[in-house]
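Written below as structure tokens is the structure these notes are about.
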Amino acid sequence: MLFADRIEAGRLLAAELDHLRGRDVVVLGLPRGGVPVAAQVAEALGAPLDVSVVRKLGVPYQPEVGMGAIGEGGVRVVNRDVMHMAHVSNDELALVEDRERLELARRARRFRGNRPPVRIEGRTVIVVDDGVATGSTARAACRIARAGGAARVVLAVPVAPHDWAARLGDDADELVAVQTPRRLSSIGEWYADFTQTSDDEVIAYLTRTAGDGEVAVDAGSLRLDGQLTLPEQAVGIVVFAHGSGSSRHSPRNRFVATELNQAGLGTLLLDLLTEEEELDRDNVFDTGLLAARLTAATRWLRDRHDLPIGYFGASTGAAAALSAAAEAGSAVAAVVSRGGRPDLAARLPDVTAPTLLIVGGHDDLVLHLNRRAQAQLRCENRLHVVPGATHLFEEPGALRQVAGLACEWFTDHMAGLVTAG
């Protein structure tokens, strides 16, 4: 089996852990790559999600050799045998620990902000990574969880060596893996997409813990899964229309949504298609169907919240957003397209919502299509090209620039509506 990406791997792993549903469980992802996997497990089990921030205590003159590990809350695990063989004194250990505690605290603040760690004492802790090769980090995380008072420790990964139970069985009460091949040279070879997870993506997952804001949106005879986040005194709500092959779990859209939340904007991350419908690729490009679902979600929101509503669309989702905004009486406050396909939208001249088109400077074809679509728009509009960015805005700082542009556009076109109301 080859996992498409960490999201799919997490869903398959969650199925293997279904026996823990309904128990007092905490899911801890190992930053960074383990967090997207852990997020799927936490959502499936209805469990809180957190990170296990662990730092290895390396031998001073040979730091790749671990003589222990530390975790948050002053937890420390020390291997005295390694210290003895390496002739490391207690004073030398203390110097290493002091240095690593500073880095541990920095990383914890970076990932978690001002939120306290999720309580693990007396609970079942599932430690999740995107795979185990040598297992040193996973072993340390399990020992840290045990030292922190976990009643039971489960180590769960999508892929691990066939003999991992013999190597790691003493560190966890239960080991769970989707695949245990006889030959495992690297974790990445088991993923079609093993793109490095960024700090920003980790933060986006952690700000949306499982069960927080989960909603079922009525769309005619269907109920669509979504995640609604409403900051205090929100000036509006932005509905995300995801692109082809994406969903409400998209780390890029989650990152943008988090930035919008911090700017005082509510967000609804919504799957416009059911899992069965996504199997038919024609549905992904059926902008009429997607726009109808978006309109239904907008109605659902307006029945519950008296706030301006905007659309954030990516790829084909941008076409759906503009098609929905073109409907008579849509009263959408603003639309933002990220690397979108507005050329696929119906009735572009009928869009009245102020529209911002954001395209990467190196995304030549999509940039050309956006320029053609912009020529058909009669509403207030702007095309912003992010220099050096490609279609997915994976370059350092590119996605943050997208988020900043979206925050400014939505805030400018929503705040006045709230005041006027």
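The values are calculated or read from the model by the stated rules, or taken from the named source; none is laboratory data. Quick caveat, the model's predicted, so the values are computed rather than measured. Ideal geometry is used to build each Cβ from the backbone, glycine not excepted, and the neighbour counts take in all protein chains shown. Note: areas computed on protein heavy atoms with side chains; ligands, DNA, RNA excluded. Shrake-Rupley method; radii C 1.70, N 1.55, O 1.52, S 1.80 Å.
Some observations on this one:
- The chain - share of DSSP beta bridges that are antiparallel (%, nearest 5): 30 percent
- D_trans [Stokes-Einstein, Kirkwood Rh over alpha-carbon pairs] for region 141-291, 10 °C, 1.306 mPa s, µm² s⁻¹: 85 µm²/s
- Within the accessible area of the chain (1.4 Å probe), percent carbon and sulfur: 48 percent
- A convex hull fitted to the Cα coordinates of region 96-223 yields 181 cubic angstrom per residue.
- Taking each DSSP H run with n ≥ 4 as -39500 (n - 2.57) and averaging over every residue of the chain yields -11500 deg cm²/dmol at 222 nm.
- Debye, to nearest 20: dipole size of the chain, +1 on Lys, Arg Cβ, -1 on Asp, Glu Cβ: 600 debye
- Surface per residue (accessible, 1.4 Å probe) for region 164-209, Å²: 51 Å²
- Percent of C-alpha pairs per 5 Å bin, region 71-152, short to long: 3, 12, 18, 22, 23, 14, 7, 2, 0
- Rotationally averaged projected area of region 293-332 (alpha carbon convex hull; nm²): 2.7 nm²
- Note on Leu279 and Glu64: the model spin-label points, each 7 Å out from Cα along the C-beta direction, lie 4.7 nm apart.
- Mean-position separation - Cα centroids, region 253-316 and region 152-169, in angstrom: 38 Å
- The C-alpha atoms of the chain define a longest principal axis, and helix 316-325 lies at about 40 degrees to it.
- Rh (Kirkwood; distinct C-alpha pairs) - the chain, Å: 22.9 Å
- For region 330-379, the per residue solvent-accessible surface stands at 41 Å², with DNA, RNA and ligands left out and a 1.4 Å probe.
- Net +/- balance of residues flanking Val125 in space, Cβ distance below 15 Å, scoring K and R +1, D and E -1: -1
- 0 to 90° range, to nearest 10: angle between helix 251-262 axis and the chain longest Cα axis: 80 degrees
- Fraction in percent of alpha-carbon pairs per bin - 10 Å, region 1-64: 22, 41, 21, 13, 2
- The C-alpha atoms of the chain define a longest principal axis, and helix 287-302 lies at about 80 degrees to it.
- Taking every alpha-carbon pair in region 1-130 and binning the separations at 10 Å intervals from zero gives 12, 35, 28, 19, 5 percent.
- Residue with peak Gaussian network fluctuation, the chain [Cα springs, cutoff 10 Å], from Gly404, Gly329, Gly66: Gly329
- Descending Cα extents along the principal axes, region 254-342, whole Å: 36, 30, 24
- Kirkwood Rh, Cα atoms: Rg over Rh of region 273-421: 0.97
- Zone residues, region 343-362, relative to Ala331, backbone N less than 16 Å from point 7 Å out along Cα-to-Cβ: 352-354
- In the context of the full set of protein chains, region 13-67 has a per residue accessible area of 36 Å² (1.4 Å probe).
- What the Cα convex hull of region 53-115 gives, in volume per residue, is 73 Å³.
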